[in-house]
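> After the structure tokens below, expect a handful of questions from me.
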Amino acid sequence: MIREIVFDTETTGFDPNTGDRVIELGCVELIDHIPSGNDFHAYLNPERDVPEASQKVHGLTGEFLADKPLFSAIADDFLAFIADSPLVIHNAGFDIKFINAELARCNKAPIPMSRAIDTIEIAKAKLPGVRYSLDELCKRFSIDLSARTKHGALLDAELTARLYLELLGGRQTRLELAPNGDGGAVLGDSEAARPRPTPLASRISAAEAEAHAGFVGELGEDAVWNWGKAASE
């Protein structure tokens with residue numbers, strides 16, 4: 001079983017070193033690259049104003065966030081949720097930078113960049129020369145963006161999860177077929193075809209069986225039903 005966490009943030013701006021803060025966290029759990037339905041989501045009080053330019057991106061105002069918890073209040077729950085799983089992030093450098101700034105305020109260890117799987121980097125390797133925004137890549141893979149009128153951490157994590165699956169090869173990755181030397185699929189012993197313990201009763205009537213036998217008799221020895229019949233007789 002492969003457990004991964006798709007992770008996204010919304011912030012007050014672009015640089016935590018100048019006082020910008022995380023105001024929303026969204027995490028989607030993947031099991032074997034498929035969303036499990038187990039999510040983590042929180043709005044956060046940034047203890048500062050939210051610039052109008054940022055509000056136009058995500059729609060989150062200072063008034064809305066005023067009664068939300070501080071990051072320090074949800075930090076342990078967040079860290080417990082992500083545990084030691086790899087983090088799938090669209091533009092990982094941005095989100096890791098911000099979350100580590102918040103963790104530093106709580107005197108907690110930073111998350112190493114080595115844990116991040118950046119969907120932009122995967123897209124660059126697979127689709128050189130295209131635009132790598134989440135919107136553009138979702139459109140390229142026909143991922144529905146109708147709900148994305150504004151940026152939102154949980155929604156964007158869900159979209160990133162779908163994009164990640166497409167970048168890995170789409171839903172075909174769930175077939176888990178291992179080709180053998182003949183181009184077929186390898187099945188484990190538990191999956192091998194087995195004969196029925198009791199054969200199913202024939203659904204052909206006596207009249208149909210008699211008619212079929214007469215038809216086959218008219219075809220001669222070259223009929224597939226007659227192969228080997230003469231030898232056995």
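The values are calculated or read from the model by the stated rules, or taken from the named source; none is laboratory data. Everything quoted here is computed from the prediction, not taken from an experiment. Cβ: placed from backbone, ideal geometry, glycine included. Neighbour counts: every protein chain shown. Heads up: the accessible areas ignore ligands, DNA and RNA and are worked out on the full protein's heavy atoms, side chains in. Shrake-Rupley method; radii C 1.70, N 1.55, O 1.52, S 1.80 Å.
> I need the full set of residues from segment 66-104 which are open to solvent by less than 10 Å² (accessible area, probe 1.4 Å) and more than 20 Å from residue 39 (Cβ to Cβ), in order please. Talk me through it step by step, then tell me what you get.
So in segment 66-104, the residues open to solvent by less than 10 Å² (accessible area, probe 1.4 Å) come out as 71, 75, 78, 82, 85, 87-89, 92, 95-96, 98-99, 102-103.
The one that is open to solvent by less than 10 Å² (accessible area, probe 1.4 Å) and more than 20 Å from residue 39 (Cβ to Cβ): 103.
> Tell me yes or no: at least one residue of segment 107-129 is of a type in the set (Ser, Thr, Tyr) and either over 21 Å from residue 35 (Cβ atoms) or modelled with pLDDT under 95 (or both).
Pass one, segment 107-129, residues of a type in the set (Ser, Thr, Tyr): 114, 119.
Still in the running and either over 21 Å from residue 35 (Cβ atoms) or modelled with pLDDT under 95 (or both): 114.
Looking for residues that are of a type in the set (Ser, Thr, Tyr) and either over 21 Å from residue 35 (Cβ atoms) or modelled with pLDDT under 95 (or both), one finds at least one in segment 107-129, hence yes.
> For segment 96-117, what are the residues that are in a helix (DSSP H, G or I) and over 15 Å from residue 19 (Cα atoms)?
96, 113, 114, 115 - these are the residues of segment 96-117 that are in a helix (DSSP H, G or I) and over 15 Å from residue 19 (Cα atoms).
> Is at least one residue of segment 84-91 modelled with pLDDT of 95 or more, out of contact with any Phe, Trp or Tyr (no Cβ under 8 Å at 6 or more places or on another chain) and among the charged types (D, E, K, R)? Walk me through it before giving the result.
Of the residues in segment 84-91, the ones modelled with pLDDT of 95 or more are 84-91.
Add one more test, that the residue is out of contact with any Phe, Trp or Tyr (no Cβ under 8 Å at 6 or more places or on another chain), and what stays is 84-86, 90-91.
In the following step, the residues that additionally are among the charged types (D, E, K, R) were identified as 84.
There is at least one residue in segment 84-91 that is modelled with pLDDT of 95 or more, out of contact with any Phe, Trp or Tyr (no Cβ under 8 Å at 6 or more places or on another chain) and among the charged types (D, E, K, R).
> Also, quick follow-up: Between a residue in segment 41-66 that is over 14 Å from residue 98 (Cβ atoms) and in contact (Cβ under 8 Å) with a residue 40 or more places away in the chain and any residue that is of a type outside the set (A, V, I, L, M) and open to solvent by less than 40 Å² (accessible area, probe 1.4 Å), which pairs come within a Cβ distance under 7 Å, given they are 6 or more apart or on different chains?
Hits for this filter: 41/26; 60/10; 60/24; 65/45; 65/46.
> Do we find a residue being closer than 27 Å to residue 54 by Cα, modelled with pLDDT of 75 or more and open to solvent by less than 80 Å² (accessible area, probe 1.4 Å) anywhere in segment 166-184? Don't jump to the end; show me each part of the working.
Of segment 166-184, the ones closer than 27 Å to residue 54 by Cα are none.
Checked against the condition, which is being closer than 27 Å to residue 54 by Cα, modelled with pLDDT of 75 or more and open to solvent by less than 80 Å² (accessible area, probe 1.4 Å), segment 166-184 yields no hits at all.
> What pairs come out if I take residues in segment 67-90 that are more than 18 Å from residue 21 (Cβ to Cβ) and pair them with residues that are open to solvent by 50 Å² or more (accessible area, probe 1.4 Å) and not in a strand (DSSP E or B) whose C-beta lies under 7 Å away, six or more apart or interchain?
Pairs that qualify, where the first residue is more than 18 Å from residue 21 (Cβ to Cβ) and the partner is open to solvent by 50 Å² or more (accessible area, probe 1.4 Å) and not in a strand (DSSP E or B), are 86/115; 87/115.
> From (1) touching a helix residue (DSSP H, G or I) at 6+ places or on another chain (Cβ under 8 Å); (2) surrounded by fewer than 23 Cβ atoms within 10 Å (Cβ to Cβ), pick out the condition that doesn't hold for residue 18.
Residue 18 satisfies every listed condition except (1).
> Across segment 15-40, what is the number of residues that are touching a residue at least 60 places away in the same chain (Cβ under 8 Å), over 22 Å from residue 165 (Cβ atoms) and out of contact with any strand residue (DSSP E or B) (no Cβ under 9 Å at 6 or more places or on another chain)?
1
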